[in-house]
Amino acid sequence: MSPLKIVGVALITSLASTAAMADLVFPSLSYRTGAYGANGIPFADGYADYFTLVNERDGGIGGVPAKVIECETGYNTQKGVECYESTKGENPLVYQPLSTGITYQLIPKVTADGIPMHTMGYGRTSAKNGMVFSNVFNYPANYWDGASHAINHILGENGGDIKDKNIALVYHNSAYGKEPIRTLTELSAKHGFKLTEVPVDHPGQEQKSQWLQIRRTRPDYVLMWGWGVMNQVAIQEAVNIGYPMENFIGIWWSGSENDVIPAGAKANGYKALTFHAVGNDFPVFDDIKKHVVDAGKAAGAGDQVGTVLYNRGMYAAMLAVEAAKTAQGIHGTADINAAQMRDGMEALVMDAAKMESLGMAGFGPEFAVDCKNHGGPGLGAMQQWDAGAGEWKLISDFEPSDMEIIQPLIDEDSNAFAEESKIELQECA
Amino acid sequence: MFYRQAGDFKTTYRDDIQTFPLKQDRWGYYIVLAVAFLVVPFFINDYWTSAVMLPFLIYAIAALGLNILTGYCGQVSLGTGGFLAVGAYASYKIMTSFPDLNIFIVVLLSGVVTAAVGMLFGIPSLRIKGFYLAVATLAAQFFLVWLFNKVPWFYNNSASGQISVPERSMFGFAITGPNADAPVRYLFCLTFLVLLAWVARNLTRGRLGRSWMAIRDMDIAAEIIGVNPLKSKLSAFAVSSFFIGVAGALFFSVYLGAVEVGEAFGITQSFLVLFMIIIGGLGSIFGSFAGAAFLVLVPVLLKNIMVNWLGWPTDIAVHIEFMVVGGLIVLFLIAEPHGLAQLWRLAKDKFLLWPFPH
């Protein structure tokens, strides 16, 4: 303990300010800096812009304005915890950390604090089991669904027989990248393909040895679980070794414009999964242009509208808004709290009519969340990069995953967690 | 005027060699301790604990540990992140293998495990010095992180490779896990810090500490006057790693609750702790505290000023924070190469003579 510290503490005490607001608060744990900033920026912009749109066009959610508090995490778990603690005093409704590492940290904390968390297409896959993870939601799809979608696509291309095929998984050597391994191992046992694991360490700027290995072993397909700068480097390296791009499939986090554009025309044909539509050919984008961009209220530089990750951020915000509306309906009050928001998320129904009314017809799959299943149906589609036109194209419908393999894994993992942390299962009607 | 040596008579040798020979220093120390233990816990909340106090306390322990090795014994180490990881994974394995073991003992045992690993990686120090040793410890950093990533036994075969802390309590208060209260977590880490700082202070002014400093100042001369380099260097590695292991165990179990080795214990951690002791002051207990405080508190302070007060965009705030912290580090190193501890010492010396310096 030093006088210096005391001075520092006194300084910060005088500086830390928290104001109580009557708005509906949606913290955005974003990252606009660091090795993952290129991917973090469009998502954060989309997330913020949709709330701005709701405020400007509809006067808020059920008449109550939404407020987004942004906190920079840099994709770093320590900063993520700081962000969580600094925002949780402002009555936040739902957290969306956009990081599997931060998700793992926050799962016990949000459960103890009674705040819901939505990890859309990332995070802990077994959180799909709502009886164990009462406050964590990962609809509409998760990593294990993604792994299964990729294998289903490969099955489809090979007429259902991929025995003796060689499939490599290039993954970010972290909780995020390791998530699909269990599922892929089970699937390889079921379908008889050979799985090779190729880890890439954070941040992934150096992948020469990994791609040398791929060049030597020539796997029939390469799957990728990458994020941030790792994506661009991997796609460039695949181009360099002349790997056929149509056999290179990324998860939905490895399939945005800024991943493929640096590799130029040769990235043509690269495939990636997605759980929502691509492009800006939806009425909602006209509203965003009118109420947000042209009004000068866009987040960030305002140049990301319509990109894959912008759309994803917007989709995440839209699901949060719809869940808040559902919660307002259930509890008969416009000024909902975190516990009521949780009920809203658990009762969320996204059907075609609702998406149509939002100007987002067909933007995402139809799904419904319930108490037991916090993960939705796990539908996913495949998109492919058209370098000539400079845009992603959907090349399949939203299709189901192999729940025969995934469900036992989810039960096993979530029950192990429940036992380890002595969690009482949530009662489901 | 008030802060002075005059009139403070010592009548025994024991009084003469105490840690704080000046009465005012001693009282200052007691007051800080009393405030830290008796006042702060009543005012602290979750934000203060998780964002400010726990990182400060834990990094101070790690900085103390590295200061023993680098500042007192002169062995440069870039393996701090790896040793923190050993502490964290040891505590996880011990906690899950022996669920009934007291968390206090778990943390101490993690320190012991890390001390053993540290000694193992300290063996090359008997043959190589300086930059070459830094490279050898760098190897420890990368090897240990790779090991914890590669071998599923260390993370109990969990699907994601993450380790998550189970709930453990002492005297009926939860220490780890999501239900632990802010003051309890703070006090738990503070107790470790005070105990370890006391141990470090007394080790470094005793026979062992003197042998470390002899090795640091000139190893050949030290050997000639009868200091055993094997014993001194390996004991420095052991004690240093023990401290860092305790810090790693607290970092994982009390502070973060879940970690993933590559991200939480990467090379940046090694550099961070090294910067702490360089800025704070090599070979100084106070310097370890000052360096940890500087590198933990300044970024949080800057962030609060720029984002909460001025309402700047978060990305610009982060970039400016990098520049300001980097600039301050350079400034401090130019203005006072011996660190904040030396500044503090000079200020005290000036103040002792004030207002009649001649």
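The values are calculated or read from the model by the stated rules, or taken from the named source; none is laboratory data. If you're wondering where the values come from, they're calculated on a predicted model, not measured in any experiment. Cβ placement follows ideal geometry from the backbone for every residue including glycine, while neighbour counts extend to all protein chains displayed.
Only residues that are of a type outside the set (Asp, Glu) and assigned to a helix (DSSP H, G or I) were counted in segment A:221-237, giving 8.
In segment A:416-429, the residues that are within 13 Å of chain B (Cβ to nearest Cβ) and outside any loop (DSSP other than H, G, I, E, B) form Cβ pairs under 7 Å with partners that are loosely packed, with under 14 Cβ neighbours inside 10 Å and at pLDDT 80 or above, at six or more places apart or across chains, as follows: A:Ala418/A:Leu425. The residues of segment A:208-252 that are more than 26 Å from A:Gly101 (Cα to Cα) and of a type in the set (Lys, Arg), listed by number, are A:Arg215, A:Arg216, A:Arg218. Contact annotation: residue pairs with Cβ atoms under 6 Å, 6 or more positions apart or on different chains, pairing a residue in segment A:61-78 that is in the same structural domain as A:Gly37 (by TED's automatic domain parsing) with a partner that is surrounded by fewer than 22 Cβ atoms within 10 Å (Cβ to Cβ) and assigned to a strand (DSSP E or B), are A:Lys67/A:Val25. Residues in segment B:212-247 that are of a type in the set (Val, Ile, Thr) and surrounded by 13 or more Cβ atoms within 10 Å (Cβ to Cβ) were compared, and the one that is farthest from the chain's Cα centre (by Cα) is B:Val227. Taking (1) under 23 Å from A:Asp411 (Cβ atoms); (2) within 13 Å of chain B (Cβ to nearest Cβ) in turn, A:His202 satisfies each apart from (1). Taking the stated definitions as given, is A:Lys266 within 30 Å of A:Pro377 (Cα to Cα) and of a type in the set (Lys, Arg)? Against the criterion (within 30 Å of A:Pro377 (Cα to Cα) and of a type in the set (Lys, Arg)), A:Lys266 does not qualify.
Taking segment A:65-106 as the range and being of a type outside the set (Ser, Thr, Tyr), part of a helix (DSSP H, G or I), under 17 Å from the mean Cα position of the chain (by Cα) and at pLDDT 90 or above as the test, the residues that pass are A:Gly80, A:Ile102, A:Leu106. Filtering B:Leu340, B:Leu272 for residues that are facing chain A (nearest Cβ under 9 Å), in contact (Cβ under 8 Å) with a residue 40 or more places away in the chain and part of a helix (DSSP H, G or I) leaves a single hit, B:Leu340.
Does A:Glu85 meet the test of being within 11 Å of chain B (Cβ to nearest Cβ), under 28 Å from B:Ile44 (Cβ atoms) and surrounded by fewer than 24 Cβ atoms within 10 Å (Cβ to Cβ)? Yes; evaluated as a whole, the condition is true for this residue. Scan segment B:122-143 residue by residue and report those that are among the hydrophobic types (A, V, I, L, M, F, W, C) and buried (at least 23 other Cβ atoms within 10 Å of the Cβ). Answer for segment B:122-143, where residues must be among the hydrophobic types (A, V, I, L, M, F, W, C) and buried (at least 23 other Cβ atoms within 10 Å of the Cβ): just B:Ala140. Filtering segment B:116-137 to residues that are assigned to a helix (DSSP H, G or I) and of a type in the set (Lys, Arg) leaves nothing.
On the stretch given as segment B:280-293, residues that are surrounded by 24 or more Cβ atoms within 10 Å (Cβ to Cβ) and either hydroxyl-bearing (Ser, Thr, Tyr) or over 12 Å from the mean Cα position of the chain (by Cα) (or both) total 2. Given the criteria out of contact with any Phe, Trp or Tyr (no Cβ under 9 Å at 6 or more places or on another chain) and either free of Cβ contacts under 8 Å to residues at least 24 places away in the same chain or hydroxyl-bearing (Ser, Thr, Tyr) (or both), does A:Asp303 qualify? The answer is yes for A:Asp303.
Looking across segment A:130-162, the residues that are among the charged types (D, E, K, R) and either free of Cβ contacts under 8 Å to residues at least 12 places away in the same chain or not in a helix (DSSP H, G or I) (or both) come down to A:Glu157, A:Asp161. Those helices (runs of 4 or more DSSP H) of segment B:164-250 in which at least 1 residues are within 14 Å of chain A (Cβ to nearest Cβ), considering only elements entirely within it, cover B:182-204, B:229-250. Number of residues in segment A:177-201 that are surrounded by fewer than 21 Cβ atoms within 10 Å (Cβ to Cβ), on the phi < 0 side of the Ramachandran plot and part of a loop (DSSP other than H, G, I, E, B) equals 1.
Scanning segment A:108-124 for residues that are among the small types (Gly, Ala, Ser) and within 8 Å of chain B (Cβ to nearest Cβ) gives a single hit, A:Ala112. Of A:Asp335, A:Asp343, A:Asp303, all but one fail to be part of a loop (DSSP other than H, G, I, E, B), in the same structural domain as A:Val293 (by TED's automatic domain parsing) and modelled with pLDDT of 90 or more; the exception is A:Asp335.
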